Amino acid sequence: MKKIFFAAGVLLMSFNITFAHTTDEGKKTKAERKEIRRENNAEVSIFTRNQFYEDFPGATDIRFEKTNYFEEVAFTMGQKDMRAYYDIHSNLVGTTETKTFADLPENAQRTILKKYGDFDTERVFLYDDNEANETDMTLFDMPFDDADNYFVELRKNSEVMIVKVDMAGNVAFFKSIK
């Protein structure tokens, strides 16, 4: 008989605990937990952070960011401003490094000046692909094949154009930004 009363008591307590969270206060707590989960999903994973510190042990001025495509890390390596891109498995996809127009191959400089001479050069950077990772890179919301390339941002008034320059100096239109 004692076992029956004990079982009934345990069942009653379980019932009370189970339905205790259906109050408005319980829903608020659930909503708060959902918001916390959403915020945590917006953070760069600890695995990517650890991998970054292993990949770039001398980095300074480190800033982590999660974007639509990658987990990104902006940092300084020596005197170079760089950005590392990691896939969903915390593997390095590639890096970008700020460059100057003078860093482009000479034939690319000539082509850009001839074809886009009325544009101002806003920014130049080099994308260095991690050949060990097959993930395709996406820049300016445009995917492209894994390859080392320079990207040159050109501006004329409100028109912004991105051209891609391969390592041989071949120049190709990449994207127009409005």
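Rule-based calculations on the coordinates, nothing more; no lab input. The model shown is predicted, which means the values in this text are computed figures rather than measured ones. Neighbour counts run over all protein chains shown; Cβ positions are idealised from the backbone, glycine included.
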### Query
Once all Cα-Cα distances of the stretch 46-177 are split into 5 Å bins that start at 0, what whole-number percent is in each one?
2, 10, 20, 21, 19, 14, 9, 4, 1, 0
## Note on the structure
Along the stretch 132-138, Karplus-curve 3J(HN,Hα) (6.51, -1.76, 1.60; θ = phi - 60°) to the nearest Hz, with x for Gly and Pro, reads 6, 10, 7, 5, 6, 8, 10
### Of Lys80/Lys114; Lys99/Lys164; Lys66/Lys175, pairs whose Cα-Cα distance is over 19 Å
Lys80/Lys114; Lys66/Lys175
### Message
Can you compute the modelled spin-label distance between Lys80 and Ala168, with each label point 7 Å from Cα toward Cβ, in nm?
### Response
2.4
